[in-house]
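Colleague: Got a structure for you, written out below as structure tokens; questions coming shortly.
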Ligand code: URA
């Protein structure tokens, strides 16, 4: 019951109900005693947080993690705000237990931007990944109105001034795609200012028609994840991400 509650399955009462109704299984066996500590069911380790195990609730596997970190392939038409104004929130794409745990997007993508969005209930991880001090590189696939030019590449690498700050922003990398796709460019930036990619592209006389984030820090958007789908980070992915930020 306690473990379920901490994983976001509702109030303690609701979690007891799940157990009593036979909806929870551990290691393939139905659990019928809500008082039974999980550590007894998983002999290894003493902390639930460290237990390499998973629960099954209503037939769906649920990994036990101290903090939730998930990746979402954000579709168009969703806002990253928790209080969206014109479109549904990305939170509506996640199951209730994750919402109840208080997951929040790590940084924001515009309503019309698609691709890799990480969400977590780990405040420290969220802070590090979005902090200007850490400059986690973010890679975007940019679909431009006009063909990309070598001059635009040079200017973005040298740095452009955006209207809200005299401090120039530089692209960390600019990679035009093949000549067959002259309107598409891969752009890596370190900061995460408001509409940054759109404004950088506008600053070199072009315009963004489509924007997809494909990488953030050490993580690539999983090509197997359709728009609107989410998945847990694998433990190795999560540890590589934390190691890159000097978090363990
Ligand atoms: N830059 C933008 O302009 N929009 C995004 O959604 C992300 C980066």
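The values are calculated or read from the model by the stated rules, or taken from the named source; none is laboratory data. All figures in this text were calculated on a predicted structure; none of them were measured in a lab. Counting neighbours? That spans all protein chains shown, and the Cβs are built from the backbone with ideal geometry, glycine included.
Colleague: Can you tell me which residues in the stretch 107-129 are within 12 Å of the ligand (Cβ to nearest atom), under 20 Å from residue 237 (Cα atoms) and out of contact with any helix residue (DSSP H, G or I) (no Cβ under 9 Å at 6 or more places or on another chain)?
Modeller: Taking the stretch 107-129 as the starting set, the residues that turn out to be within 12 Å of the ligand (Cβ to nearest atom) are 107-117.
With under 20 Å from residue 237 (Cα atoms) added as a condition, the list becomes 107, 115-117.
Correct list: 115, 116.
Colleague: Scan the stretch 151-172 residue by residue and report those that are surrounded by 14 or more Cβ atoms within 10 Å (Cβ to Cβ) and outside any loop (DSSP other than H, G, I, E, B). Don't jump to the end; show me each part of the working.
Modeller: The initial filter retains those residues of the stretch 151-172 that are surrounded by 14 or more Cβ atoms within 10 Å (Cβ to Cβ), namely 152-153, 155-156, 160, 162, 169-172.
Selection gives 152, 153, 155, 156, 160, 162, 169.
Colleague: Let me ask something else. What do you reckon, is residue 149 over 30 Å from residue 69 (Cα atoms) and modelled with pLDDT of 95 or more?
Modeller: Values: over 30 Å from residue 69 (Cα atoms): yes; modelled with pLDDT of 95 or more: yes.
When the stated conditions are applied, residue 149 passes them.
Colleague: Can you tell me which of (1) more than 13 Å from the ligand (Cβ to nearest atom); (2) assigned to a loop (DSSP other than H, G, I, E, B); (3) farther than 24 Å from residue 67 by Cα; (4) at pLDDT below 95 is the one residue 191 doesn't meet?
Modeller: Every listed condition holds for residue 191 apart from (1).
Colleague: Here is a follow-up. If I ask for residues that are assigned to a strand (DSSP E or B) and away from the ligand (no atom under 13 Å from the Cβ), which ones from the stretch 194-228 would you list? Give the derivation first.
Modeller: Keep residues of the stretch 194-228 that are assigned to a strand (DSSP E or B), which gives 208-216, 219-220.
Residues satisfying the conditions are 219, 220.
Colleague: Residues to consider are 118, 109; find the one that is buried (at least 18 other Cβ atoms within 10 Å of the Cβ) and part of a loop (DSSP other than H, G, I, E, B).
Modeller: Numbers: 118 fails: part of a loop (DSSP other than H, G, I, E, B).
Of 118, 109, the one residue that is buried (at least 18 other Cβ atoms within 10 Å of the Cβ) and part of a loop (DSSP other than H, G, I, E, B) is 109.
Colleague: For residues in the stretch 71-106 being in contact with a helix residue (DSSP H, G or I) (Cβ under 7 Å, 6 or more places away or on another chain), more than 13 Å from the ligand (Cβ to nearest atom) and not in a loop (DSSP other than H, G, I, E, B), which is farthest from residue 12 (Cα to Cα)?
Modeller: Filtering the stretch 71-106 for residues that are in contact with a helix residue (DSSP H, G or I) (Cβ under 7 Å, 6 or more places away or on another chain), more than 13 Å from the ligand (Cβ to nearest atom) and not in a loop (DSSP other than H, G, I, E, B), the one farthest from residue 12 (Cα to Cα) comes out as 72.
Colleague: Taking residue 148 as meeting all but one of (1) over 14 Å from the mean Cα position of the chain (by Cα); (2) surrounded by 20 or more Cβ atoms within 10 Å (Cβ to Cβ); (3) within 16 Å of the ligand (Cβ to nearest atom), write down the number of the exception.
Modeller: Exception for residue 148: condition (3).
Colleague: Residues in the stretch 130-142 that are in a loop (DSSP other than H, G, I, E, B), closer than 28 Å to residue 177 by Cβ and touching a helix residue (DSSP H, G or I) at 6+ places or on another chain (Cβ under 7 Å): how many? Before the answer, list the steps.
Modeller: Taking the stretch 130-142 as the starting set, the residues that turn out to be in a loop (DSSP other than H, G, I, E, B) are 131-137.
If we keep only those that are closer than 28 Å to residue 177 by Cβ too, we end up with 135-137.
From the residues that got through so far, the ones that are touching a helix residue (DSSP H, G or I) at 6+ places or on another chain (Cβ under 7 Å) too are 136.
Number of matching residues: 1.
Colleague: Restricting attention to the stretch 229-246, and to residues there that are under 24 Å from residue 91 (Cα atoms) and in a loop (DSSP other than H, G, I, E, B), which single residue is farthest from the ligand (Cβ to nearest atom)?
Modeller: Here the answer is 234.
Colleague: Of the conditions (1) within 13 Å of the ligand (Cβ to nearest atom); (2) in contact (Cβ under 8 Å) with a residue 60 or more places away in the chain, residue 171 satisfies every one except a single condition; which number is it?
Modeller: Failing condition for residue 171: (2).
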